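Data block below; observations after.
The values are calculated or read from the model by the stated rules, or taken from the named source; none is laboratory data. All values derive from a computational prediction rather than experimental measurement. Please note: Cβ atoms are built from the backbone with ideal geometry, for glycine as well, and neighbour counts cover all protein chains shown. Just so you know, the surface numbers come from the protein's heavy atoms only, side chains and all, with ligands and any DNA or RNA stripped out. Shrake-Rupley method; radii C 1.70, N 1.55, O 1.52, S 1.80 Å.
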Amino acid sequence: MDQYHRAVLAAEEKFFDECDTGNVPVILVLTKCDALLLQGIAALTLEEKKLPREERLVRGQENAERMLKNNPVWGKVTNMKYKPTAKVELRDLNKSDQECKLLIEMTVRALDEEALQMLLVTAQHTNIMLCIEFAMEG
């Protein structure tokens with residue numbers, strides 16, 4: 001995401017226009033979303049730049065969220081023939097304790113069959129809270 005306006009690559013375009021995955025869900029994974037915070041802070045108005053540090057961070061994060069929502073890659077991919085089932089925005093992947101809980105949750109939600117959901121949840125034995133959450137829903 002440090003190349004915010006990165007074009008959709010030819011391989012990505014071909015995949016979403018020509019590859020019908022049938023019942024297999026495809027999740028678009030956007031990495032480095034936390035890198036947009038610096039761009040969000042840079043986009044602050046002169047008045048906003050005079051605010052206290054914590055408020056500047058909040059406003060910068062709001063700008064970053066808008067940038068991500070209006071990301072041209074996501075817009076282009078969702079207009080293709082075979083759209084992704086879901087999108088996941090990953091942050092802080094440089095941290096060693098990152099478990100990618102959001103990606104696991106979105107994968108479980110994208111699976112339609114309850115048995116497949118339970119299989120994935122069971123395989124994620126390290127994430128006991130996710131197991132409990134989906135056992136309670138089922």
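Each listed q (0.11, 0.16, 0.25 Å⁻¹) maps to a log10 I(q)/I(0) for the range 21-89 from the Debye sum over equal C-alpha point scatterers, namely -0.37, -0.62, -1.04. Computed from the coordinates I sent, mean projected area of the Cα convex hull in nm² equals one of (i) 10.5; (ii) 9.8; (iii) 7.9. Tell me the label. Here mean projected area of the Cα convex hull in nm² agrees with entry (i).
The mean sequence distance of close C-alpha pairs (under 8 Å, at least 6 residues apart), as a share of the length of the range 1-81, puts its relative contact order at 44 percent.
Projecting the Cα atoms of A110, N127, Q98 onto the charge dipole of the chain (Cβ charges, centred on the Cα centre) puts Q98 farthest toward the positive pole. Cross-link reach is defined here as a Cα-Cα straight distance under 13 Å, omitting same-chain residues fewer than 8 places apart; for K95 the aspartates and glutamates meeting it are D34.
Taking the 1.4 Å solvent-accessible surface of the chain as the whole, the part contributed by carbon and sulfur is 56%. Considering only P52, V77, N63, the residue lying farthest towards the positive end of the dipole of the range 52-92 is V77, judged by Cα position with unit charges set on Cβ.
Please go through the range 32-123 and write out the GluC sites (Glu not before Pro) that DSSP classes as loop and that have at most 14 other C-beta atoms within 10 Å.
On the way: sites: E47, E48, E54, E55, E62, E65, E89, E99, E105, E113, E114; in loops: E47, E99, E113.
When the GluC sites (Glu not before Pro) of the range 32-123 are filtered for loop state and at most 14 Cβ neighbours within 10 Å, E47, E99, E113 remain.
For the residues M80, M129, M136, a 1.4 Å probe over the protein chains yields an accessible-area ranking, largest first, of M136, M129, M80. The residues of the chain have, on average, 68 Å² of accessible surface per residue, using a 1.4 Å probe with all protein chains present.
Choose one answer from L46, L103, L116: the residue with the largest mean-square fluctuation in a GNM of the chain with alpha-carbon springs under 10 Å. The residue that fluctuates most here is L46. Basic side chains Lys and Arg get +1 at the Cβ, acidic Asp and Glu get -1 at the Cβ, and with that the dipole of the chain about its Cα centre reaches some 620 debye.
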